[in-house]
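K.L.:
For reference, the structure I am asking about is given below.
The values are calculated or read from the model by the stated rules, or taken from the named source; none is laboratory data. Bear in mind that the values here come from a model prediction, so they are computed numbers and not experimental data. Cβ: placed from backbone, ideal geometry, glycine included. Neighbour counts: every protein chain shown. Calculation scope for accessible area: heavy atoms of the full protein, side chains included, ligands and nucleic acids excluded. Shrake-Rupley method; radii C 1.70, N 1.55, O 1.52, S 1.80 Å.
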Amino acid sequence: MLGSVVDVAEQLGESPRALEALLVATADGDREAFAALYDATSARVFGLVRRLLVDAAQAEEVTQDVFLEAWQTAARFDPERGSAIPWLLTLAHRRAVDRVRASQSSRERDLKAGIRDLEIPVDEVAEAAEIAIEHEKVAEALTALSPAHRECISLAYYGGCTQSEIATRLEIPLGTVKTRLRDGMIRLRDLLGVTT
């Protein structure tokens with residue numbers, strides 16, 4: 001029986017009925033029928049995949065995947081709903097499009113990673129000069145504050161003290177420390193010309 005399907009298909013050539021018979025026999029596990037189906041259709045499948053992928057090596061790999069899928073899923077083929085070539089070419093098209101999407105996604109991930117890892121050159125001398133100038137401006141502005149405001153701000157920002165620690169160190173209420181810090185920062189902002 002198995003040899004007869006291949007013999008009949010060979011007599012019919014590459015007609016749709018012959019290819020359908022080979023695909024149905026493949027679904028039953030007929031290796032000879034699958035080999036004959038491959039011989040009759042692989043060039044068309046490869047041609048479609050090659051047009052979509054351009055890269056010959058990837059096209060060969062996808063064509064192999066298409067025929068592996070055809071072997072594994074031949075039982076899904078229904079001759080009442082269509083013929084063998086469109087079924088195979090649909091498998092091929094889907095696999096090729098999946099490969100294109102995977103390649104694009106991979107390139108995009110690589111590009112994003114490359115951009116993320118790209119070190120942007122920094123002019124360290126200019127940056128250091130800007131920081132020094134900013135420090136000078138802040139130091140000058142601090143001298144314009146009242147001694148009480150200056151002391152609280154210095155302890156908080158240069159000394160790293162919390163508001164409670166400042167209150168304890170200066171022996172003043174916590175509320176007074178908060179008020180001095182707030183008022184001092186507002187005055188500093190005005191002196192430095194910072195807008196919010």
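K.L.:
Within the set of pairs 6 or more residues apart or between chains, which connect a residue that is at pLDDT 90 or above inside segment 19-42 to a residue that is β-branched (Val, Ile, Thr) and not in a helix (DSSP H, G or I) with Cβ atoms less than 6 Å apart?
P.N.:
Pairs found: none.
K.L.:
Can you tell me which residue in segment 168-181 is most open to solvent (accessible area, probe 1.4 Å), limited to those that are more than 20 Å from LEU142 (Cα to Cα) and of a type in the set (A, V, I, L, M)?
P.N.:
Across segment 168-181, the extreme among qualifying residues is LEU174.
K.L.:
Right, next: When you look at LEU118, is it under 42 Å from the mean Cα position of the chain (by Cα), under 22 Å from LEU37 (Cβ atoms) and among the hydrophobic types (A, V, I, L, M, F, W, C), yes or no? Full working, then the answer.
P.N.:
Numbers: under 42 Å from the mean Cα position of the chain (by Cα): yes; under 22 Å from LEU37 (Cβ atoms): no; among the hydrophobic types (A, V, I, L, M, F, W, C): yes.
For LEU118, the condition - under 42 Å from the mean Cα position of the chain (by Cα), under 22 Å from LEU37 (Cβ atoms) and among the hydrophobic types (A, V, I, L, M, F, W, C) - is not met.
K.L.:
Sticking with this structure for a sec: Please specify each residue of segment 139-153 satisfying the condition of being open to solvent by 40 Å² or more (accessible area, probe 1.4 Å) and in a helix (DSSP H, G or I). So that I can check it myself, show each step before the final result.
P.N.:
So in segment 139-153, the residues open to solvent by 40 Å² or more (accessible area, probe 1.4 Å) come out as 139-140, 143-144, 146-147, 149-151.
Those that are open to solvent by 40 Å² or more (accessible area, probe 1.4 Å) and in a helix (DSSP H, G or I): ALA139, GLU140, THR143, PRO147, HIS149, ARG150, GLU151.
K.L.:
Moving to a separate point now. Consider segment 76-97. How many of its residues are over 21 Å from ALA18 (Cα atoms) and without any contact (Cβ under 8 Å) to a residue 24 or more places away in the chain? Lay out the reasoning, then the answer.
P.N.:
As a first pass, look at segment 76-97 and keep what is over 21 Å from ALA18 (Cα atoms): 93-97.
Narrowing the set further to residues that are without any contact (Cβ under 8 Å) to a residue 24 or more places away in the chain leaves 94.
The number of residues fulfilling the criteria is 1.
K.L.:
Follow-up question, since we're still on this one. Which of (1) under 41 Å from the mean Cα position of the chain (by Cα); (2) open to solvent by 100 Å² or more (accessible area, probe 1.4 Å); (3) at pLDDT 90 or above does LEU89 not meet, given it meets every other one?
P.N.:
(2)
K.L.:
Is there a residue being open to solvent by less than 90 Å² (accessible area, probe 1.4 Å) and either among the aliphatic types (A, V, I, L, M) or closer than 19 Å to ILE186 by Cβ (or both) anywhere in segment 101-109?
P.N.:
First, pick out the residues of segment 101-109 that are open to solvent by less than 90 Å² (accessible area, probe 1.4 Å): 102-106.
Right, trim to either among the aliphatic types (A, V, I, L, M) or closer than 19 Å to ILE186 by Cβ (or both) and you get 102.
Yes, that holds for at least one residue.
K.L.:
I need the full set of residues from segment 50-75 which are surrounded by 14 or more Cβ atoms within 10 Å (Cβ to Cβ), hydrophobic (A, V, I, L, M, F, W, C) and closer than 20 Å to GLU20 by Cα, in order please.
P.N.:
Hits for segment 50-75 are VAL66, PHE67, ALA70, TRP71, ALA74.
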